Amino acid sequence: MFQPNLKFLPKKFKLPISMNGSVIYDEVYGIGLYNETLDIILPTPLSTYIRTTYRGKSGSLSSQKSGAYELTKFLNFILEKIEKGDSDYVDLTDEGLSGLRLIHGSEYITKYTELTLEDSHRSPNYVYTIENYLINFYNWLKKNSLIQFESTYNNSPFNDYELGTRYPTKDERININLSDFGSNRLNLVLKFIDISLKIAPEISLGICFQFFGGLRIGEVVNLTKEAITKPLYWSNDNGSNQFILEIRDRQNLLFGHKKNWTHEQVKRPRNQAVMVSGLLSNIYTEHKKYLASAENSTSVKEALFISPRGHLPMSGKNYIDKFNKVKKAFLTYLSQNEQVEDYLFLTAKPWSTHICRGVFTNILLSSGMHPIEVAIARGDKNTNTIMKYIEELNSIQEVTIALNKLYKDLEYNLFDSRSIPITLEEMEKKYASKYYT
């Protein structure tokens with residue numbers, strides 16, 4: 001269906017209907033594929049979708065025409081991405097509609113949001129019209145078992161912070177989530193990781209990857225041992241000099257036992273560098289010991305993150321649940337230790353695991369990196385996504401510091417103040433409990 005030299009077109013045609021022993025022809029709208037080489041329009045099964053979704057009892061041609069017109073725009077958007085060799089779309093050439101993911105709809109909505117921001121004559125409401133058409137289409141594909149996804153609280157699978165869908169700024173839904181730890185971020189990050197070592201040490205390494213590499217949930221749980229390309233997992237190198245992760249979709253390998261992979265999708269395949277530190281190296285070393293201890297009971301030995309119970313590859317939902325337990329203990333700590341300013345800042349708006357990506361962004365911006373460099377480091381396609389972080393930095397007048405100095409400050413906090421347990425023995429002494437069980 002998604003092949004070169006093709007283009008989707010709305011097409012009006014006459015549908016034969018048998019009535020009282022005779023045949024009548026009803027005008028309906030569908031979707032055809034125009035073959036530029038042969039100069040012909042081929043029928044597609046999507047015409048059934050248009051008729052069943054938009055025809056209704058009245059048989060209105062206008063609603064069918066609108067539905068067909070909007071869907072062909074989306075499908076042709078996909079064709080353009082494939083022709084440009086976009087890595088998120090090229091597999092659709094072979095997979096067809098069954099290869100559609102939420103990220104494709106998300107990027108389409110984001111495209112029209114950006115067009116709205118560039119042109120004041122465009123109505124922001126049109127973006128939500130587009131979204132509604134996409135919701136109908138994706139629900140139809142799901143109903144026919146072509147794709148799988150879960151709807152969010154507002155019934156739009158695209159309004160998900162993990163997807164990064166952009167909406168017109170006048171919609172308050174976009175600003176409801178906290179995107180950074182604020183000016184005290186470094187100390188708060190260290191304490192958050194410190195608490196994770198007590199509450200859920202099996203995800204502490206993942207939390208480090210999120211804070212110091214900007215990884216999303218799906219990108220963390222899709223990691224395997226061999227995904228750590230530097231240092232090689234099987235070497236004695238603990239990553240004190242360089243840490244690079246190969247971010248790819250590995251659902252078939254890791255989550256073949258699951259029917260739904262909503263929380264296990266990789267938005268942007270890439271090779272991701274992670275900021276190195278003594279903290280990361282030591283947690284990585286302890287995590288490898290944890291995996292070695294569970295080697296005999298792990299069914300998928302390639303998995304980098306496994307659940308303590310059953311030792312199956314950790315799902316995205318399981319990771320979120322553990323992260324939220326750490327978050328709850330973290331906020332309790334701030335409250336009990338009278339860190340009022342930090343507590344109020346971090347409870348003013350809701351936040352999720354995605355805040356780690358915002359913290360990573362602000363660390364890079366604070367180091368003096370150019371927005372284009374930050375976008376590359378984050379695995380973004382453009383700088384639009386990070387502009388809100390730049391505005392936040394300006395508003396609180398943070399001082400720009402060099403990235404190397406930031407590393408040294410991190411090391412000072414770790415080894416001089418000893419705020420983080422460095423070895424497994426020190427962990428046990430500090431918390432009087434055994435980790436990685």
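No value in this document is a laboratory result; all are computed from the given coordinates. Not measured: the values here are computed from a predicted model. Heads up, the Cβs are rebuilt from the backbone with ideal geometry, glycines too, and the neighbour counts pull from every protein chain shown.
Neighbours of CYS356, meaning other residues whose beta-carbon lies under 13 angstrom from its beta-carbon, give a summed charge of +2 when Lys and Arg score +1 and Asp and Glu score -1. Computed 3J(HN,Hα) for region 293-306, one whole-Hz value per residue from the Karplus formula 6.51 cos²θ - 1.76 cosθ + 1.60 where θ = phi - 60°, is 5, 9, 3, 6, 10, 8, 6, 10, 5, 6, 4, 8, 10, 10, glycine and proline marked x.
Taking Cα pairs under 8 Å and at least six residues apart, what relative contact order does region 276-317 come out at, in percent? Dividing the mean separation by the residue count of region 276-317 yields 26 percent. I'd like the distance separating the alpha-carbon centroids of region 331-360 and region 201-240, in whole Å. Centre-to-centre (Cα) distance: 24 Å.
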